[in-house]
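See below for the structure under consideration.
The values are calculated or read from the model by the stated rules, or taken from the named source; none is laboratory data. On a predicted model such as this, the values are computed, not experimentally measured, just so you know. Positions of Cβ are backbone-derived with ideal geometry, glycine not excepted, and every protein chain shown enters the neighbour counts. Side chains included, ligands, DNA and RNA excluded: accessible areas come from the protein's heavy atoms. Shrake-Rupley method; radii C 1.70, N 1.55, O 1.52, S 1.80 Å.
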Amino acid sequence: MAERGWSALVVADPANLYYLTGYNAWSFYVPQCAVVPASGEPHLFLRAMDAHGARHTAVLPEERIHAYPEELVHRPDVHPYDHIAALARELNVFVDNPDAVVAMELDAHYLPVRGYLAVQRALRHARIVDSEELVNWVRLVKSPAEQDEMRAAGTVAERAMTAALAGVRSGRRECDVVAEIQAAQTVSVGGVGGDYPALVPLLPTGVSADTPHLTWTDRVLRRGEATTVELAGVRNRYHAPLARTVCLGPPSAKLLDCATATAEGMEAALGSMKPGAAGADVHAAFTRVINAHGLSKDSRIGYSIGIGFPPDWGERTVSLRAGEETVLEPGMAFHVILGMWMDGWAYELSESVLVTEHLPEPLTSMPRQLIVNE
């Protein structure tokens, strides 16, 4: 903030609120934020009924947790950020003069446009700028304690995927398989219990598998179809996503060939993920392999991960794609997802990994191959 000349930062992304303050509750559907002044301590602003939850989870003292009145929720004539901005001025965490620069997370999922306009009305002299995901970028390199949380999340992901691969069988309903996945994502095993994921399990099946991000129905799984399964293990909000593909009955030659090429591409991508390599280098290593097999992929092949809240488990910083110049460092974490979406079919393979001083550390140990069930 000092380098950028900011006088205050408004943080609305629930993942960033958790990272900075420890606050953790399903309250992000109403306006809430932290205001971090350049000089002084951060303050947390929440709906009145949620301020009590902050006293249970946040590391801030009670005098820096502020509640806005319940009567401001879902009103057309006034907005909670009107109250937040006025109180922030009283507390001197907002300074309204021509030299003041207030940064806001303008691309955060839960910063409403009306909230931005309310701050703009309250600060008639200060300049408001986009934070450009500053806190997200600070989160990019994980501490040793965070890396341990990622490893625990990988343990949860592995047991959830094990349940998924066992459950995808001919004659079963998609929803019943997902029920087993969700149980495995939550249950405690060896003292490690799972947290709720930022995304629900994704289960595109048959011809619909050519489109990512579809969820599930009560449709019966049929022999001859392939299902792509994407899910995550979560521990204390740290996510380890994982994707695999299951074919019911003998796979087609094109699916087998794609699986072989993608597995080789994964090995090449992971082999290139060393400190000093750029994100574009990882993408290039994968691309060379699949191009040699006559395949191509337009979308990115991965992104940084860590803390996640709905609707996304990505950190929204580094993408593994052509032109990505960010250099990898030990402690960074990535979901390397190789989704090959074709016309009427697909193949998915992914790994969540930690960048180390040498080769990356996978957070799970699931086989990297097409799974064939009956």
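The distance between label points at L91 and R4 comes to 2.0 nm (points 7 Å beyond Cα on the Cα→Cβ vector). Note that the range 136-144 has calculated 3J(HN,Hα) couplings of 4, 5, 5, 6, 4, 8, 8, 5, x Hz, one per residue in order, obtained from phi through the Karplus relation 6.51 cos²θ - 1.76 cosθ + 1.60 (θ = phi - 60°); glycine and proline are x.
Solvent-accessible surface of the chain, taken per residue with a 1.4 Å probe and all protein chains present: 42 Å². Whole-Hz Karplus values for the range 369-374 come out as 8, 5, 8, 10, 10, 10 Hz, taken residue by residue from phi with 6.51 cos²θ - 1.76 cosθ + 1.60 and θ = phi - 60°; glycine and proline positions read x. Between the range 246-305 and the range 89-139, the C-alpha centres lie 40 angstrom from each other.
Counting only the Cα atoms, the range 110-254 fills a convex hull of 174 Å³ per residue. Sorted from longest to shortest, the spans of the Cα atoms of the range 1-125 along the three principal axes equal 36, 33, 26 Å. Helix 279-292 and the longest principal axis of the Cα set of the chain meet at an angle near 20°. Model label points for A253 and V73, set 7 angstrom from Cα along the Cα-to-Cβ axis, are 6.1 nm apart. Per residue of the chain, the DSSP helices (runs of n ≥ 4 H) give a summed -39500 (n - 2.57) that works out to -9500 deg cm²/dmol at 222 nm. Can you give me the angle between helix 174-186 and the longest principal axis of the chain, using Cα atoms only, in degrees from 0 to 90, rounded to the nearest 10? Here the helix axis deviates by roughly 60 degrees. For the peptides 219-231, 118-130, the ranking by mean Cβ contacts within 10 Å, running from highest to lowest, is 219-231, 118-130. Of the GluC sites (Glu not before Pro) in the range 1-83, the ones in a loop by DSSP (not H, G, I, E or B) with at most 13 other beta carbons within 10 Å are E3. Taking the DSSP beta bridges in the chain as the whole, what percent of them are antiparallel, to the nearest 5? Given both bridge residues lie in the chain, the antiparallel proportion sits at roughly 75 percent. Given q = 0.11, 0.17 Å⁻¹, what are the Debye log10 I(q)/I(0) values for the range 151-237, with equal point scatterers placed on the Cα positions and solvent ignored? Debye intensities relative to I(0), on a log10 scale: -0.29, -0.65. Helix 48-57 and the longest principal axis of the C-alpha atoms of the chain enclose an angle of approximately 70°.
Each distinct pair of alpha carbons in the range 144-372 adds a 1/r term; the inverse of their mean, the Kirkwood radius, is 17.5 Å.
Report the residues of the range 1-28 in range of a label on V129: point 7 Å along Cα→C-beta, backbone N strictly under 14 Å from it. The answer is 1-10.
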